[in-house]
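Engineer: Handing you this structure, nothing more for now.
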Amino acid sequence: MADEDDLAVSSLASAALAADMFGDALPQAEKYASLLVGPGVERGVVGPAEADKIWDRHLLNCGALARLIPTKCALVDLGSGAGLPGIVLAILLPGVKVTLLEPLARRVEFLEECVPALGLANVQVVRGRAEDLAGRLLADVVTSRAVAPLDKLAGLSVGLARPGGRVLAMKGSSAEAELAKARPVLARLGVTDARVVQAGSAGGGAAATVVTFTVPEHRSSGASSGGRSTGRLDTRPAGRPGGRGASAAGSRKARPNSRRGGG
């Protein structure tokens, strides 16, 4: 685990990038970093080997995605896991309504604790599977990171996006190969503009590889959002009284829809 004195920034280069990216919100990001390498590692939400890379590999990488997202919109972070990229985006974009969608209970519990600890009034946590919430939880932007191969992820993401919405799937070096394999699935979904882009920070020091595409306007989602979406469920989810992370599937346990919930 990283030394407590190193939680703020892991190197001088990272310090400059973090200060440039987060600005006045840097203390908030530093607090999130401490939650990730502390309770996150202890509960198995974050791998122990990731603690020393929390800034370079995770926070700065996720923060680069913010440049592809409108400053005011509704966003669903599919398979949010430890909150990467959803919590980072909520910190950077306070005008964005962020829904952290995660099926696993221990990850949901961690997210529910992070949200009030970081003072994120623009975030809600929902426990559930993308398959079960398709057409009910609709957003302008759907993000994901390390959730599933693109040929599976595409359909899950489209089900959570309003017609004309954007999908931003964070990928690594396999992005082009995954996109090529997913082309038949994307064609069946009516997607014609899928491509790989490099999202960079303002200073160019932090970057993320992203597969992005637009959800067709004519698709049938199985539920109407009645215009611009709010990113909120259209029915009141069941859950603990007063809890932030409600289960959209009621009292039954939701089965995970991914191999890894991010982070």
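The values are calculated or read from the model by the stated rules, or taken from the named source; none is laboratory data. Note that the coordinates shown come from a computational prediction; the quantities given were computed from them, not determined experimentally. Positions of Cβ are generated from backbone atoms using ideal geometry, with glycine treated the same way; all protein chains shown enter the neighbour counts.
Engineer: For the stretch 50-58, state whether one or more residues are of a type outside the set (D, E, K, R), assigned to a helix (DSSP H, G or I) and touching a residue at least 60 places away in the same chain (Cβ under 8 Å). If you could, list the steps in order and put the result at the bottom.
Structural biologist: We begin by selecting, within the stretch 50-58, every residue of a type outside the set (D, E, K, R); these are 51, 54-55, 58.
Filter once more, keeping what is assigned to a helix (DSSP H, G or I): 51, 54-55, 58.
Narrowing the set further to residues that are touching a residue at least 60 places away in the same chain (Cβ under 8 Å) leaves 58.
Yes, the stretch 50-58 has at least one match.
Engineer: Then there's this: Tell me, please, whether a residue that is crowded, with 24+ Cβ neighbours inside 10 Å and within 9 Å of the chain's Cα centre (by Cα) can be found in the stretch 49-59.
Structural biologist: No; the residues of the stretch 49-59 include none that is crowded, with 24+ Cβ neighbours inside 10 Å and within 9 Å of the chain's Cα centre (by Cα).
Engineer: Name the residues in the stretch 143-186 that are β-branched (Val, Ile, Thr), under 23 Å from Gly81 (Cα atoms) and free of Cβ contacts under 8 Å to residues at least 60 places away in the same chain, would you? Show your work before the answer.
Structural biologist: Residues of the stretch 143-186 β-branched (Val, Ile, Thr): 143, 147, 158, 167, 185.
Right, trim to under 23 Å from Gly81 (Cα atoms) and you get 143, 147, 158, 167.
The answer is Val167, and nothing else.
Engineer: Ok, one more. If I go through the stretch 63-95 residue by residue, how many of them are within 14 Å of Lys171 (Cα to Cα), among the hydrophobic types (A, V, I, L, M, F, W, C) and touching a Lys or Arg at 6+ places or on another chain (Cβ under 7 Å)?
Structural biologist: 1
Engineer: Every residue in the stretch 104-117 that is crowded, with 19+ Cβ neighbours inside 10 Å and over 19 Å from Gly47 (Cβ atoms), please.
Structural biologist: Matches in the stretch 104-117: Glu112, Val115.
Engineer: Looking only at the stretch 151-186, filter to residues that are more than 17 Å from Val76 (Cα to Cα) and hydrophobic (A, V, I, L, M, F, W, C); which one of those is surrounded by the fewest Cβ atoms within 10 Å (Cβ to Cβ)?
Structural biologist: So the residue we want is Ala180.
Engineer: In the stretch 64-80, what count of residues is obtained for those that are more than 12 Å from Thr143 (Cα to Cα) and either buried (at least 24 other Cβ atoms within 10 Å of the Cβ) or at pLDDT 95 or above (or both)? First the steps, then the outcome.
Structural biologist: Going residue by residue through the stretch 64-80, those that are more than 12 Å from Thr143 (Cα to Cα) are 64, 67, 70-73.
If we keep only those that are either buried (at least 24 other Cβ atoms within 10 Å of the Cβ) or at pLDDT 95 or above (or both) as well, we get 64, 70-73.
Adding up the residues that qualify gives 5.
Engineer: Given the criteria surrounded by fewer than 20 Cβ atoms within 10 Å (Cβ to Cβ), at pLDDT 95 or above, part of a helix (DSSP H, G or I) and not polar (S, T, N, Q), does Glu30 qualify? Step through it out loud before you land on a result.
Structural biologist: Working: surrounded by fewer than 20 Cβ atoms within 10 Å (Cβ to Cβ): yes; at pLDDT 95 or above: yes; part of a helix (DSSP H, G or I): yes; not polar (S, T, N, Q): yes.
Against the criterion (surrounded by fewer than 20 Cβ atoms within 10 Å (Cβ to Cβ), at pLDDT 95 or above, part of a helix (DSSP H, G or I) and not polar (S, T, N, Q)), Glu30 qualifies.
Engineer: Taking the stated definitions as given, is Leu137 more than 21 Å from Glu217 (Cβ to Cβ) and in contact (Cβ under 8 Å) with a residue 60 or more places away in the chain? Before the answer, list the steps.
Structural biologist: Values: more than 21 Å from Glu217 (Cβ to Cβ): no; in contact (Cβ under 8 Å) with a residue 60 or more places away in the chain: yes.
No; evaluated as a whole, the condition is false for this residue.
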